[in-house]
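What follows is one structure encoded as structure tokens, with my remarks underneath.
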Amino acid sequence: MEQSTNESFKQRDLRCVWHPCTQMHDHEQYPLIPIQRGQGIYLYDYDEKSYIDGISSWWVNLFGHHHPYLNQAITTQLQNLEHTLLAGFTHEPIITLSERLVEATPAGLDMCFYADNGSSAIEVALKLSFHAELLRSNVAKPLFASLQNSYHGETIGALSVGDVGLYKAIYAPLLLQNIVLPVPEDSSPSELKRAIEGAKAVFARNRGKICALVLEPLVQCAGGMRMHSAEFVCTLCMLAREEGIAIIFDEIAVGFGRTGSFFALEQCGVVPDYLCLSKGITGGYLPLSVVLLNRAVYELFYAPYQSNKNFLHSHSYTGNALAASVANAVFELFLRENTLETNRPKAAHIAQRLANLARFPIVKNPRQTGMIAAFDLNLSGRVGMEFYVRALALGVLLRPLGNVIYFMPPYIITIEEIDFVFDQIERILSELG
């Protein structure tokens, strides 16, 4: 019997590719899916089986695969310039993108420092906040603070300010000093008070030592899609500011419309000192990240050449022209298609279908913020992986976070396609339950 093209690619892959965030031994049991092409919300393997991309390919794909407008932006840019260093050079796409980012964010976020992935943006913000405080006050503050259950990336600095043991425990001897703050366990006033009082105590014990507070506003994505209120974010940031602690917002996953506003900070009433963006910034096409910051921080470093005032952080592909050109096209699509408004009825429909899942005994804590929905599977073992495999067989990509199942689709998904996904979720829940 002739081997399928899928099988051929699987065998070639497993001989030489080590996949990220994967125990490769699992592929003795769980499927490896070779993808040939994408179109809209669908991915297609080499046997032409389709999969709805229910997680936007790790939260990056905003407007679907093979989008003609985004394709054209890259194709047009490719005729002129693919890349040049950003040290001492510039180009129109990066200038235009920077102007758009500054215009789209509140006053006080005036300058753009680029990197090429989310973890690197966090590294930039950590280093900048430490260095800026040293220049401002001649005091080295050795500590950072972040939230319980947080995740900010997997490079050493970004890993340091996370709180998911699965990722960081083994590397503890290598990490920066970080303090973990409590978060509300639910939306009750008593839980809000408990978390805020806990933060006050931590800040008081470490007064004058904490450089910056790092948090994902509204949704802790890789930390299990835990969701917290704008009131919590606002109150916590006010406390930090009173203590002279800089605020770093990680909107790498939650930015660009995921929470219902263009940036989550709009719902929180907070302008951070540093805003980290990546993932959806290019619509899932190319790696790019940026840290927006206040001009006052920039001016601390602005001086005749001297080693202590140089911020020497760089990446070879910083400000890549192709990535910047498609990021500009993403901005244009938001305006042209009125994306935030067109998402509202979709988010409402997701909320309705999500609420219906509460009738399944194995579903725990269904929750939603904007175009992000999640629930926990109240079963032991690796039931999340079992759910994932069953969903793939039904044509839906829903890669879990442990036993957390989440749905974060491209914005072009239709109501009918949302219904198809939730029909499959309900079918699987019935089988598992």
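A few comments on the model shown:
- For V396, residues with placed amide H under 5 Å, excluding near neighbours: I52
- With 31 Å as the limit, the listed pairs K127/K200; K279/K364; K127/K168; K193/K309; K141/K168 have K193/K309 beyond it between alpha carbons.
- Simple label model, 7 Å out from Cα along Cβ direction - T414 to T5, nm: 2.6
- The chain, accessible surface, carbon-and-sulfur percent (1.4 angstrom probe): 54
- Backbone phi angles across region 143-157, fed through the Karplus curve with coefficients 6.51, -1.76 and 1.60 (θ = phi - 60°), yield HN-Hα couplings of 10, 10, 10, 8, 8, 3, 6, 7, 9, 9, x, 10, 6, 4, x Hz in residue order; Gly and Pro are listed as x.
- Once the C-beta distance of E28 and F301 is scaled by a Förster radius of 41 Å, the resulting FRET efficiency is 0.20 to the nearest 0.05.
- Computed E for V102/I170 - FRET, C-beta separation, R0 60 angstrom, nearest 0.05: 0.90
- For I413, net neighbour charge (Lys/Arg +1, Asp/Glu -1) across residues whose Cβ lies under 10 Å away: -2
- Most positive-pole-ward Cα, Y302, G283, S8, against dipole of the chain from beta carbon charges: Y302
- Approximate spin-label separation C21-L335, in nm, with each point projected 7 Å along Cα-to-Cβ: 3.3
- Positive contributions from Lys and Arg (+1) and negative ones from Asp and Glu (-1), summed over other residues with Cβ under 14 Å from the Cβ of T282, come out at 0.
- For the chain, share of DSSP beta bridges that run antiparallel, in % to the nearest 5: 65
- A simple spin-label model places the labels of A201 and N71 5.8 nm from each other, with each point 7 Å out along Cα-to-Cβ.
- Per residue, the accessible area of the chain comes to 45 Å², computed with a 1.4 Å probe over protein heavy atoms only.
The values are calculated or read from the model by the stated rules, or taken from the named source; none is laboratory data. These figures come from a predicted structure and were not determined experimentally. Note that each Cβ is placed from the backbone with ideal geometry, even for glycine, and that neighbours are counted across all protein chains shown. Each accessible area value is taken on the protein alone, full model and side chains, heavy atoms only, with ligands, DNA and RNA left out. Shrake-Rupley method; radii C 1.70, N 1.55, O 1.52, S 1.80 Å.
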